[in-house]
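The values are calculated or read from the model by the stated rules, or taken from the named source; none is laboratory data. Keep in mind that what you see is a predicted model, and the values were worked out from it rather than measured. We place every Cβ from the backbone using ideal geometry, glycine too, and count neighbours over all the protein chains shown. Heavy atoms of the whole protein, side chains included, go into the accessibility calculation; ligands, DNA and RNA do not. Shrake-Rupley method; radii C 1.70, N 1.55, O 1.52, S 1.80 Å.
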Amino acid sequence: MSMLILGLVALIGLVFSVAVVVFYLGCLGATMAAFNHGRIVWGSLTFFLPPLSFLFALRHRAEADWSFGFIWKGGLVVLLIVGGVWLGMQLLPEHAAQGASAMGKLLPLPAGPVAQ
């Protein structure tokens, strides 16, 4: 069972890293499209703040072409994975210490009495 969980986490990590690469390739494509069409301000903004490439691609789909799909699909997969992990962390049972960290929630409670 532990190997199955380890394999699942590794697979999710691989999918996440590929989705981030696809998202940033789309952002780079939108930045290059902005510069190629003489939109210097858009190009500069999307270069320094890559998520703004999505706004450029929404407004100028003909110029952004393939990069809009890369941004949309890569960003959606990243959002779904991050949201799923957050939801999974929220569904974990509460630890004895209410303000426990995520690692504290994952570790089992000690078997014997705890010295304080």
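What the table shows:
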| item | result |
| --- | --- |
| Helix 2-36 vs. the chain, principal-axis angle (Cα, 0 to 90°, nearest 10) | 20 |
| ³J(HN,Hα) computed for each position of region 63-80 - Karplus, 6.51 cos²θ - 1.76 cosθ + 1.60, integer Hz, glycine/proline x | 6, 6, 6, 6, 5, 4, x, 5, 5, 5, 6, x, x, 5, 5, 4, 4, 5 |
| At R0 = 35 Å, FRET efficiency that the Cβ-Cβ distance of Leu58 and Val21 yields, to 0.05 | 0.95 |
| Hull shadow area, averaged, region 1-94 [alpha-carbon convex hull, nm²] | 7.3 |
| Percentage relative contact order, the chain, counting C-alpha pairs under 8 Å, at least six apart | 26 |
| Using alpha carbons only: equivalent-ellipsoid semi-axes of region 28-83, gyration tensor based, whole Å | 21, 12, 7 |
| Heavy-atom accessible area order for His37, His60, largest first, 1.4 Å probe | His37, His60 |
